[in-house]
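Asker: Sharing a structure below in structure tokens format, with a few things to ask.
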Amino acid sequence: MTEPVAPPLPGGGDWLRLHPATPLLKGGIGLIAVIGFVLANVRERLVEMFVGGPDSGDLFDELNRRGHLGWAIAIVVGGLVLGVAAFYLSWRMHTYRINDEAVEVRSGILFRTHRQARLDRIQGIAITRPFIARLFGAARLELSVAGQDAKVQLAYLRGSDVDRLRHDILLLASTRRAEEGAGAPASDASGSAGIIGRRVTELLAPELDPSEAPPESVVRISPLRLAGSLFASGATIFTIAGIVALGVLAASGRELGFVFLIVPAILGSAGYFARKVTRSLRFSIAATPDGVRVGYGLLTTSNDTLPPGRIHAIEVYQPLLWRPFDWWAIRINRAGHASSGSGSQPATTMLPVGTRADVDKVLGLLLPGLASADTRHLILAGMVSSGPTPGFAVDFVPAPRRGRWLRPFSWRRTGYALAGDAVLLRKGLVWRQLVAVPAARIQSLRIEQGPLSRALDLCSLTLDTVAGPVSATLSVLDRAGSISAFDAISRAATAAGALEDGSRWANGTSFGGPGSADPHPQRPEDVR
Amino acid sequence: MSDPTNVAGHDAQHPSDSSPVTKRVEIGGDWRRVSPKYIGVELVGVALFGVVAIGATAVFALTKWFAEPLGWILVGVAVVVTLVMFVIAPRRVRSIGYQLRDDDLLFRRGIMFHRVVSVPYGRMQLIDINRGPVARFLGLAELRFVTAAAATGVTIPGLADADADALRDALVSLAETRRAGL
């Protein structure tokens, strides 16, 4: 390996400030409104005072008559000045720094906080551009690390800087330092384009910076398919049922107490649809040298970079109503929970809706080891078939027939397979699911048996991963078979964990694309 | 390093292994059991539960909250449940076991709802040692092995104080040699 050349640190390792419009974007708009309101009123009054006008006896006159007007104005102006000064000061005091080891943020005037996120602990980097911030050309950068509310937020930064900053952070966090360090593009020569032109270009720019990612996303979701997928979902049926119930109740003209229950539900589902749509529009997923990048959003755009080895569980699932169209969706578990307030939960949807080919491509990005030729049949079998797949060496270990007493339908599909560096779980006959857990990400392994399962000589097997939408549990497995699987999987988990230490990642080995058959894609030998 | 985790008795044979055809989930090996003194902690817990449950139902019965016989039936149920819990407490404690294997910690507990968990040492995020009031009186401690998954739930109760500390140090040093990220 070549001598690691230190890449240029953003800002030379000095403390940097955020976008000057930050206070405005962070709620200073209210202050502007107050200023505007007061100015408008005062201007009116001033005009009246000097030009003369009808006496209406309002607050100003009253104050004037009592001789307190000067005080009132002084208090209001003083408050405003104080507010502006506080905002300015908080902007001045809010600085960040990036060095080899960590990203640090200092903020607060009276109560200082100093937060540091180690680069080798980064679970993902998300860039969000809320609509109003986009008008100002600002963006928010979030580094998520594992733990409750343990993210470092840089809000707001210049939109043009933010992509380069992410690139630099990922570069620092990865091991690929030497070759890329010199070639980082520094294109600050866009000053002549004029501010309006720049804003327009930024607004229309594709979500993924073309220089930072392969130009095209591996999947393309047509708006028609998106609309169809939303329509063919349980939420739609629920909403329609609610509306019909409302109509019937209204028509029958009986007491309308029910309305107060149903209307909020319908409003809630409208919000759900809106969120779904905005999260899925312009969806893109692409491989970059530093991980998988997922982008979405129409007005408020986000994109999220997941470094290799940060995906803890993957689920390919198909709601019942999607089956005629052969549509599938993919979601993942990942460490690092956003705090609830900001509404920017880390993206766990890796494919809102797609065909089988799309699933294949996305799985190839997320888990390259799994998409090799000799395990591809497993994925297909895990998605659609039940029972054995003849003609292949590796196959799902099925649940025994006596499982039908507890799972009358899904026992046929219930099964697990240990394929390369991942454990595959197949379940659900009506709501088809295929769960893949990389062995290196299994936190613990559980085998459970209640009285009913004991009577039937069955047990359930759970792979514990970090919290998320995917749960990796199989319920009706043969007892003896599960015990040997328990041993095999725990050995695989230990071995895979020993192979990598999960912190720095070696570039190049991880994202060889769907064709790479490397069974251990995240190899850390040359890391330290 | 001598084995610091040699705590209570070893039982290579699980109590219910005696039946030739078992449908229980059994994993062989050298299971270590927790201190028999932990039964005391459990019994105090059951006693507290019993006092609260019987007391509450008795209040309902005496104030005739329910129709006449029902209140006393509830009291009876509470008494029976408490007695059953008293009787099975020693077996429940005996069902708790752990094993330090080469690469992972194995933990089991439960009679009716039996559970066996395997945690590779490298997945350790932190180890907690807690001492409740009764356990402290008996010189016992509880060791909690925390991973990044909240569902792991490996809590070994009823370790003698010194053993808990030794086990903690052993686990930490094992985890150190097998460090994994997340």
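Asker: List the number of the failed condition for B:Val116; all other conditions in (1) of a type in the set (A, V, I, L, M); (2) facing chain A (nearest Cβ under 9 Å); (3) touching a helix residue (DSSP H, G or I) at 6+ places or on another chain (Cβ under 8 Å); (4) free of Cβ contacts under 8 Å to residues at least 40 places away in the same chain hold.
Answerer: Result: B:Val116 passes all but (4).
Asker: Which residue is farthest from the chain's Cα centre (by Cα), if the candidates are limited to region B:62-121 and must be under 16 Å from B:Gly153 (Cβ atoms) and aromatic (Phe, Trp, Tyr)?
Answerer: Checking each candidate, the answer is B:Phe113.
Asker: Taking strands (runs of 3 or more DSSP E) that do not extend beyond region A:60-142, which have at least 1 residues that are without any contact (Cβ under 8 Å) to a residue 24 or more places away in the chain and of a type outside the set (S, T, N, Q)?
Answerer: A:102-107, A:113-118
So that you can scan it fast, the table gives a plain yes or no per residue for (1) in a strand (DSSP E or B); (2) within 14 Å of chain A (Cβ to nearest Cβ); (3) polar (S, T, N, Q):
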{"position": "B:Glu26", "(1), (2), (3)": "no, yes, no"}
{"position": "B:Arg32", "(1), (2), (3)": "yes, no, no"}
{"position": "B:Val51", "(1), (2), (3)": "no, no, no"}
{"position": "B:Ala78", "(1), (2), (3)": "no, no, no"}
{"position": "B:Thr82", "(1), (2), (3)": "no, no, yes"}
{"position": "B:Val93", "(1), (2), (3)": "no, no, no"}
{"position": "B:Tyr98", "(1), (2), (3)": "yes, yes, no"}
{"position": "B:Leu106", "(1), (2), (3)": "yes, yes, no"}
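Asker: While we're here: Scanning for something assigned to a strand (DSSP E or B), farther than 17 Å from A:Ser217 by Cβ and of a type outside the set (S, T, N, Q), does region A:236-245 turn up at least one residue?
Answerer: Looking for residues that are assigned to a strand (DSSP E or B), farther than 17 Å from A:Ser217 by Cβ and of a type outside the set (S, T, N, Q), one finds none in region A:236-245, hence no.
Asker: Separate question: Filter region A:463-493 down to the residues that are facing chain B (nearest Cβ under 7 Å) and under 25 Å from A:Val316 (Cα atoms) and list them by number.
Answerer: Within region A:463-493, A:Asp464, A:Thr465, A:Val466, A:Ala467, A:Phe486, A:Ser490, A:Ala493 meet the criteria.
Asker: Out of the residues in region A:475-518 meeting the condition of being among the hydrophobic types (A, V, I, L, M, F, W, C), in a loop (DSSP other than H, G, I, E, B) and buried (at least 17 other Cβ atoms within 10 Å of the Cβ), tell me which one is modelled with the highest pLDDT.
Answerer: Among them, the one singled out is A:Trp505.
Residue-by-condition table, conditions (1) on the phi < 0 side of the Ramachandran plot; (2) within 11 Å of chain A (Cβ to nearest Cβ); (3) in contact with a His (Cβ under 8 Å, 6 or more places away or on another chain):
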{"site": "B:Ala67", "(1), (2), (3)": "yes, no, no"}
{"site": "B:Val75", "(1), (2), (3)": "yes, no, no"}
{"site": "B:Asp103", "(1), (2), (3)": "yes, yes, no"}
{"site": "B:Gly110", "(1), (2), (3)": "no, yes, no"}
{"site": "B:Phe145", "(1), (2), (3)": "yes, yes, no"}
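Asker: From the set of residues in region A:428-474 that are outside any strand (DSSP E or B) and charged (D, E, K, R), which is nearest to A:Pro400 (Cα to Cα)? Spell out how you get there, then give the answer.
Answerer: Going residue by residue through region A:428-474, those that are outside any strand (DSSP E or B) are A:428-431, A:439-443, A:450-457, A:465-471.
Of the ones still in play, those that are also charged (D, E, K, R) are A:441, A:454, A:457.
On the way: A:Arg441: 28, A:Arg454: 14, A:Asp457: 10 Å.
Restricting to residues being outside any strand (DSSP E or B) and charged (D, E, K, R), the top hit is A:Asp457.
Asker: Cβ-Cβ under 8 Å, sequence separation 6+ or interchain: first residue in region A:441-459 and closer than 30 Å to A:Ala335 by Cα and at the interface with another protein chain (Cβ under 7 Å from one of its Cβ atoms), partner among the aromatic types (Phe, Trp, Tyr) and open to solvent by less than 40 Å² (accessible area, probe 1.4 Å). Which pairs?
Answerer: What qualifies is A:Leu445/A:Phe486; A:Ile447/A:Phe486.
Asker: A further question follows. Considering only region B:96-147, how many residues are under 18 Å from A:Gly450 (Cα atoms) and open to solvent by 10 Å² or more (accessible area, probe 1.4 Å)?
Answerer: Going through region B:96-147 one residue at a time, the tally reaches 6.
Asker: Can you confirm whether A:Arg432 is basic (Lys, Arg) and modelled with pLDDT under 90? Walk me through how you get there before you give the answer.
Answerer: Numbers: basic (Lys, Arg): yes; modelled with pLDDT under 90: no.
No, not satisfied.
Asker: Select from region A:450-486 the residues that are over 34 Å from the mean Cα position of the chain (by Cα) and of a type in the set (Asp, Glu) and write down the one among them that is nearest to A:Asp421 (Cα to Cα).
Answerer: A:Asp478
The values are calculated or read from the model by the stated rules, or taken from the named source; none is laboratory data. No experiment lies behind these values; they were computed from the predicted model shown. No Cβ is skipped: glycine too gets one built from the backbone with ideal geometry, and neighbour counts run over all protein chains shown. We work out accessible area using only protein heavy atoms, side chains counted, and drop any ligands, DNA or RNA first. Shrake-Rupley method; radii C 1.70, N 1.55, O 1.52, S 1.80 Å.
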